[in-house]
1. Want the number for Glu56 to His104: 0.36 nm per residue separation, take away the alpha-carbon distance, what's left?
2. Once phi is turned into θ = phi - 60°, what whole-Hz ³J(HN,Hα) does the Karplus curve with 6.51, -1.76 and 1.60 give for every residue of region 71-85, x standing for Gly and Pro?
3. How about region 216-302: which trypsin sites (Lys or Arg not before Pro) there are in a DSSP loop, with at most 12 other Cβ atoms within 10 Å of their Cβ?
4. Applying the Karplus parametrisation 6.51 cos²θ - 1.76 cosθ + 1.60 with θ = phi - 60° to the phi angles of region 203-209, what ³J(HN,Hα) value in whole Hz is obtained for each residue in order, glycine and proline being reported as x?
5. With r defined as the distance between the Cβ atoms of Arg284 and Ala206 and R0 fixed at 35 Å, what FRET efficiency is calculated, to the nearest 0.05?
6. Antiparallel versus total DSSP beta bridges in the chain: what percent is that, nearest 5?
7. Provide the gained length on full extension for the span Ala111 to Lys14, in nm with one decimal, where the gain is 0.36 nm per separating residue minus the Cα-Cα distance.
8. Longest segment of the chain with no chymotrypsin sites (Phe, Trp or Tyr not before Pro) in a DSSP loop having at most 16 other Cβ atoms within 10 Å?
Amino acid sequence: MVRNTGIEYPERGKMRFYDLGPPPDPGPTQILIQTRYSGITNGTERHALMAEHGWEHFPGRHGYQHVATVIAVGDSVKQFKPDDLVYFGQYVGHRGWHLVDVAHADLHSGASHLCIHLPAGVEPKQCALLGVAGVAMRGVRRFRVAPARNVWVAGLGPIGQFAAQAARAFGATVTVSDVDDRRLEVAQELGAHRVIDAKEGGGFEALKAKAPYDCMIDACGVESLLLEIHKHRLLAYKGVVGALAVRSQAVFQWSMLHMLEASIEVSCHYSLDDLRVVLHFLQRGDIRVEPLISHVVPIDEAPEIYGIMRDRPRDLLGVVFDWSD
C-alpha cells in the first residue's frame, strides 16, 4: 500500500509529516515509484533542520536518498518497467511516492533524473545510503585521487566514511581522523590504512608523520581546518583540499595555495555515473555499507530520530527509514 505522506520541517528544530495526497498516473516520460526505504543525509538535513549555512526557509523538505519499486510507467518509457527496484536521488525529501520524469538521462549531470536500477544481489536497505556514497565518490573523482596517492580524510560521518573507502578502492593510501571512538572503529573495520584520534593532543603530530598529503578531504567542516593544514605543512606540492563538508565561509592562507600551486575544490553533488561506480565497488566488496548503518526504524518513528539529530547528532551514523506497513 502506497503511503501518501512525506516529511517536512515546519520551523527550526521541528519535524512533522504532511499529506502528499494520492499519486497521479504517470505522463508519457514519467514513472511512478513507491518508496521502500529512504536514508537520512546527516549533514545537509541537520543544517536545514537547524537553519544553518543559509537554510532558513520553512517549511522545508530535505533529503535525496530513496529506494523504491516502480509501480507504473508512461507510454514512452522503455528503460523501466513495473516491479523494477530502483534508487532515486533527486533532492525532494522523504516521501511515500515519487513521480519521476526519466527523459533527461545525462550520465554526468546532477540535473538528470538520478534514477538507476539496483542490481540483483545488493541489499535494498543498504542502498538507502547511495546518495551520500555518490557525493563522496564524485568528490574523490574530482579531487584526482589515484593509485599511490597519499590521502587524508578529516571527519568520519557517512560521507567521510564513504570517501575513505572510495579513495582506498582507487588505490590510495588513506589516513582518517575523527574525535568519535565508534566512528574511528568503523573506519578501521572498513579498511582505512591509518586511523587517528583527533581529540588527542598529538593528532596533528600523528598527521605530520605521514605528510605531505596529495589530497586532503574535508568531511568535518571545522572552521580552523584550512589554517591548520597550512600551519602544520600537511599539503603536498600541487595538492588538493577537497571540501565536501558545508561551510558558510572559508578562511585560508593565500600562500598555502600560491607556494604549493595547490587548489581548494568544492564538490557537493553526484551523477548517474557516480552511482554506477559506487555500485561497481559495492558489488566487488571494495565499498561496504552495513557497518555504517546505526539505525533502521519504521517511518512512523521519524520524529524520535529527528529529535536525536537536533540534540545529539553524533549518536547517528547511517539512518534508514523503512516505509513498509
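Just so you know, all these numbers are worked out from the coordinates, no wet-lab data involved. Predicted model, so just to flag it, every value in this text is computed and none were measured. FYI the Cβ positions are ideal-geometry reconstructions off the backbone, even for glycines, and counts take in every protein chain you see.
1. 14.3 nm
2. So the Karplus estimates, Gly and Pro as x, are 10, 7, 9, x, 4, 8, 7, 10, 8, 10, 9, x, 6, 4, 9 Hz.
3. Arg233
4. x, 6, 5, 5, 5, 5, 4
5. Efficiency at R0 = 35 Å is approximately 0.70.
6. If I count the DSSP bridges inside the chain, around 50 percent turn out antiparallel.
7. My answer for the length gained is 32.0 nm.
8. The longest uninterrupted stretch comes out as 92-251.
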